[in-house]
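Asks: Input: one structure, supplied below.
The values are calculated or read from the model by the stated rules, or taken from the named source; none is laboratory data. None of these values were measured; they are calculated from a predicted model. Methodologically, a virtual Cβ is constructed for each residue, glycine included, from the backbone with ideal geometry; neighbour enumeration extends over all protein chains shown.
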Amino acid sequence: MNVKLLIFTFFICVSGIVWSQEDDEIRFDAKVSKNKLGVNERLRIEFNMNKDGDNFVPPEFEGFRILMGPNQSVSHSWINGKRSFSKSYSYVLSPLSKGNFTIKQAAVEIDGETYKTTPVNITVTEAVNDPNAPPSADDIAGENLHLVAEVSNSNPYLNEAVSVVYKLYVSPQINVSNFLPKDNPTYNNFWSQDIKVSRYQVETGLYKGKQYRYVVLKRVVLYPQKTGKLDLEPLSLDVTVDVPTDRRDIFGGRLYTQTHKVVTAGKRTITVKPLPEEGKPAGFTGAVGQFNFDVVTSKTDLKANESLTAKLQVSGSGNLKLFELPKLTLPSSLEVYEPEFEEKISTSLKGMNGRVSDNYTIVPQFKGKYPIPSVVFSYFDPKAEKYKTLSSHQMLVNVYEGPTGASDDVALSGNNAVAKQPVSITGNQFRFIKLDTSLVPKSASIFFGSTGFYILLLVPLLLIPIAIFTGKKRTERANDVVGNRVRKANRLAKKYLSEAKRNLGDKEAFYESLERALHNYLKAKLKIVTSEFSKEKISELLLSKSVEKHVVDEFILLLGSCELARYSPSTSAEMKEDYNKAAQVISLIDKQFSKS
């Protein structure tokens, strides 16, 4: 009896020790609501631990969007005098697409040691249809949320204005708490101008016969630069939507659940018609719209060597920035300076409106009457669908005082003939060579003691202070670190931009050489082939070299201008402006490289 009792007592003690050891074992694991689900279903995952831990690190949840979480819960319980503890972190996930996914390890620190869960494999299949199940929050949001791109004209002429307005329609059944753009259209093959939306204003309107609220998100005016079918890239938004549920709070108010919905405006296609060849004027430079044209002079009566201004101006609505103005041709006796371009343009949903002009400064050299011939400007009117030609009035400039020219002073007769002014001859105008001379023999002179002797003697003495002064200036210049940096930067700018400067006036050659100059400059400074890098990488490299951010942004903007210029016309003034900007940016970058 005593032996049996002893054996029984021994087994009871061993079992208690084992039980105690099992209770003290630390566990940290991951549990999912299902391992296989449809793309329209939800997945719940819990990370449980039986002992309190710190520094919980969840996995990345690749292939899923987090709808809720992390939600933390802690429980304590006593069973048969034994204490048990449980702590969990839970998430509600939504799959982004079909396929096989792995939820990687989560980690937590317990008693100074790191514990990790086992990866969980999830299979996402096609959407699951359940006719008896109530519609999900995503379904309700999809039915009551629409992003629409309204195009004013889907069949325009080349260079005719097209407006695009993006509206987000929201049904009264749901609420939108936030939205973020995912993809912004780039409008390839279009010249584009954004019209800023300063404030989102909620309005009401009909969408497919139903009452909706809507907000105008973006407005843009496009001028097609290519004929044929052109695609508008869609605008996409990630919208946070509050969807009502069947539950109510203690006061009877409806409870809402939040979900995310990606909406897109859809791809739109615009068919661009070419301008007709029939009736196209010889001097047509691409103007499309409705315009007025005139040439105005500041004065018509003046003296020689005084100046007057002739303004050649086009006003109206159309592609004012995308065509060249005609040239003003004047008699050779009038000194004409390069015209100064001036523009005053505003852009609305109807397109560009305003005026552009070339201001010529003219200086007559001689007395006379000079004609300013009629100038012709042609444009295409898309409303009338035909070309129109405007001519300025012929004017006469009267120079009433000044020297008389031999042949360039003209006056107009009834048939615009040129009447030459007679040459006035004075009595002393033609003189003959004198034949009688009075030659005087020159006596030999002694050099020593002469004026030339003393000049040559004093010149070396005068050169000494000049040499000392020049040496000091050279030393000061050598010690002028900032000034030397500026001079060195300007030399580099001229070196790399010399090819671009030679191509001013030729749009394609200019912007190709300008882009090549910018990349060659970076290649020399960074010792890398920058053409293999994106703009983001170039920006990162320049910032790492302590180049100021606004200078880097200006450099990246110039690279973008070079790419954009291949699809849109550019005037000589715009090319010269881009050239000056490039020289300035290279100079600034070189100075900041030197500082670093």
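Asks: Criterion first (assigned to a loop (DSSP other than H, G, I, E, B) and modelled with pLDDT under 90) does P131 satisfy it?
Replies: yes
Asks: Scan (1) touching a residue at least 40 places away in the same chain (Cβ under 8 Å); (2) exposed (fewer than 15 other Cβ atoms within 10 Å of the Cβ) for the single condition K344 breaks and write down its number.
Replies: Failing condition for K344: (1).
Per-residue answers, yes or no, for (1) within 41 Å of the chain's Cα centre (by Cα); (2) of a type outside the set (A, V, I, L, M, F, W, C):
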{"position": "L312", "(1), (2)": "yes, no"}
{"position": "S315", "(1), (2)": "yes, yes"}
{"position": "K321", "(1), (2)": "yes, yes"}
{"position": "Y337", "(1), (2)": "yes, yes"}
{"position": "L349", "(1), (2)": "yes, no"}
{"position": "I372", "(1), (2)": "no, no"}
{"position": "S391", "(1), (2)": "yes, yes"}
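Asks: For the stretch 215-254, enumerate the residues that are surrounded by fewer than 19 Cβ atoms within 10 Å (Cβ to Cβ) and touching an Asp or Glu at 6+ places or on another chain (Cβ under 6 Å).
Replies: S236
Per-residue answers, yes or no, for (1) more than 36 Å from the chain's Cα centre (by Cα); (2) over 30 Å from E324 (Cβ atoms); (3) in contact (Cβ under 8 Å) with a residue 60 or more places away in the chain:
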| residue | (1), (2), (3) |
| --- | --- |
| V239 | no, yes, yes |
| V243 | yes, yes, yes |
| F251 | yes, yes, no |
| R254 | yes, yes, no |
| T259 | no, yes, yes |
| T269 | no, yes, yes |
| Q290 | no, no, yes |
| S298 | yes, no, no |
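Asks: Suppose we filter S177, S192, S154 for residues that are over 19 Å from the mean Cα position of the chain (by Cα), in a strand (DSSP E or B) and surrounded by fewer than 20 Cβ atoms within 10 Å (Cβ to Cβ); which single one remains?
Replies: Just a single option satisfies the conditions, and that option is S177.
Asks: Let me ask something else. Quick check on my filter: what residues within the stretch 540-560 are surrounded by 18 or more Cβ atoms within 10 Å (Cβ to Cβ), in contact with a Phe, Trp or Tyr (Cβ under 9 Å, 6 or more places away or on another chain) and in a helix (DSSP H, G or I)?
Replies: L542
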